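Take a look at the structure below.
Just so you know, all these numbers are worked out from the coordinates, no wet-lab data involved. Just so you know, these numbers come straight off a predicted model, no measurement behind them. Note that we place each Cβ from the backbone using ideal geometry, even for glycine, and neighbour counts take in every protein chain shown.
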Amino acid sequence: MEFTRRQHAARLIDSSGSMSAPQIAVAGAFMGAAVVASAAFAAGTIPNLSDSTRELARGAYLAGGLVLTVEFLLRLWLAPQTEIDPALATWPFRRRYLMSGMGIVDVLSALPVVLVLAGVASYEDVGELMLISLCKSARYVAGLGLLTQVVRNEARSLVSVLLLLMILVVLASGLMYRFEHDAQPEIFSSVPTTIWWAVVTVATVGYGDMTPATDLGRLFGGIIMILGVATFAMPAGILASGFASEMRRRNFLVTWQTVANVPLFEDLNAAEITEITRLLRPQVIPAHRVVVHHGDTGDAMYIIMSGEVEVEITPKPVRLKQGQFFGEIALLKDIERTATVITMTDCQLLAIPAADFRNLMSRHPKINEKITRQAERRLQNFGDSFTEAHH
Ligand code: CMP
């Protein structure tokens with residue numbers, strides 16, 4: 001598979017996985033533009049600025065916005081190349097990019113400057129839109145992906161707590177209205193207006209714009225405050241435990257037992273397995289991600305602990321499953337990756353960094369022989385019948 005100019009450009013704006021220096025530079029320029037333009041907008045709202053400062057802010061806003069417009073056009077142009085199979089049709093990918101969360105953020109970030117420069121809207125009308133560009137940082141922060149995953153995992157408990165809160169608020173409003181309406185008809189004028197009091201109280205904010213004056217109202221208000229604190233703390237607890245279990249799932253534990261079960265290590269004794277366990281880096285990779293890029297330099301070999309990957313070779317891609325390994329050829333022969341490897345399902349992989357791999361190969365002739373033999377078969381395209389026959 002030859003790399004086209006577009007594919008190179010697509011790699012440059014890609015931010016999945018560990019990023020190379022040029023990728024970091026490009027991401028930094030895009031994010032920097034979003035921060036500069038948003039800060040310039042915010043600064044521009046300060047009253048009593050001198051004309052020159054105001055001009056400066058507007059200039060920075062437009063410059064940042066132009067960079068974001070270029071970013072959007074690049075991403076739109078390159079949307080097909082960021083996909084696994086570059087031969088597939090172009091427009092469906094572009095449409096999918098435009099409909100994705102990040103695509104919408106990119107459009108809205110480019111929009112204000114385009115509208116202002118086209119003379120369709122004034123800076124004062126659409127300036128705020130620029131603040132949306134700060135959401136672009138989600139591309140670069142792995143933790144945000146974790147957050148959405150946790151919310152998705154815990155959705156059922158979160159929804160039931162939210163429901164409980166809503167019931168509490170509505171019930172409290174109805175009762176408070178009954179207690180206070182006669183004493184303060186202007187303030188507690190209806191149940192809907194009393195909902196404001198209930199929300200502010202349950203959230204333990206207490207602006208103090210609506211306060212009960214009757215004894216019964218105060219007693220009841222106190223009860224709602226205490227119930228509010230308890231109910232309000234629940235989502236925080238759910239999210240905290242959700243984070244903990246999701247983290248455990250992602251950094252699955254590499255135990256002695258799991259390593260001992262890897263076919264590649266079956267000839268090792270207990271002490272050697274203990275030693276190798278320390279070298280292995282667990283990685284959880286979602287389905288349909290590129291683990292190894294054809295043409296890259298090799299930095300690790302991978303063993304599949306669960307899930308399935310596909311090696312994109314012609315004429316027919318090869319599937320590899322639990323217990324098999326890949327990424328050994330580039331390390332063994334000191335050449336570029338000979339194929340692209342993509343996860344087909346969620347995968348748990350064990351990575352052995354290149355330096356540890358060399359160390360392992362020189363110290364364990366049996367493993368060396370197994371890996372070398374397998375690599376030779378693969379290079380001659382005999383496929384993986386050898387490992388398959390073994391398990
Ligand atoms: P490497 O060249 O480092 O990166 C791509 C990997 O794909 C390669 O190592 C092998 O592990 C794997 N691979 C290449 N060719 C084949 C093949 N014919 N059958 C199975 N796996 C292969």
³J(HN,Hα) computed for each position of the range 50-66 - Karplus, 6.51 cos²θ - 1.76 cosθ + 1.60, integer Hz, glycine/proline x: 6, 4, 5, 5, 4, 5, 4, 4, 5, x, 5, 4, 5, 4, x, x, 5
Mean separation of Cα contacts under 8 Å, 6 or more apart, over the residue count of the range 273-391: relative contact order %: 32
Rel. contact order, % - alpha carbon contacts under 8 angstrom, at least six apart, the chain: 10
Cα gyration tensor category, rounded, prolate or oblate, for the range 108-208 with a/c compared to 1.5: oblate
Karplus 3J(HN,Hα) series, Hz, for the range 106-114 with 6.51 cos²θ - 1.76 cosθ + 1.60 (x for Gly, Pro): 5, 5, 5, 6, 7, 4, x, 5, 4
Expected 222 nm ellipticity per residue - DSSP helices of 4 or more, -39500 (n - 2.57), all of the chain, to 500: -19000 deg cm²/dmol
Degrees separating the helix 365-379 axis from the principal Cα axis of the chain, which is the longest one: 90
Evaluated at q = 0.12, 0.14, 0.22, 0.29 Å⁻¹: base-10 log I(q)/I(0), Debye formula over Cα of the range 254-311: -0.36, -0.48, -0.97, -1.28
The range 212-359: equivalent-ellipsoid semi-axes (sqrt of 5 x gyration tensor eigenvalues, Cα, Å): 50, 20, 12
Hydrodynamic radius of the range 173-298 per Kirkwood, over alpha carbon pairs, in Å: 20.3
The chain: angle of helix 270-279 to the longest principal axis, Cα-based, in degrees nearest 10: 50
Cα long-axis angle, helix 354-363 against the chain (0 to 90 degrees, to the nearest 10): 40
Under 28 Å from the Cα of Lys316 - lysines, other chains or at least 8 residues apart: Lys333, Lys370
Net charge of neighbours whose Cβ lies under 12 Å from the Cβ of Val26, counting Lys and Arg as +1 and Asp and Glu as -1: +1
Choice from Ala40, Ala351, Ala21 with maximal GNM fluctuation in the chain (Cα, 10 Å cutoff): Ala21
Computed over the chain, Kirkwood Rh from alpha-carbon pairs, angstrom: 26.1
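Counting Lys and Arg as +1 and Asp and Glu as -1, each charge on the Cβ, what is the dipole of the range 261-328 about the Cα centre in debye, to the nearest 20? Numbers along the way, then the final one.
Values: 6 positive and 10 negative charges, 57 e Å.
So the dipole magnitude of the range 261-328 works out to roughly 280 debye.
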Percent of alpha-carbon pairs separated by more than 18 Å within the range 216-284: 62
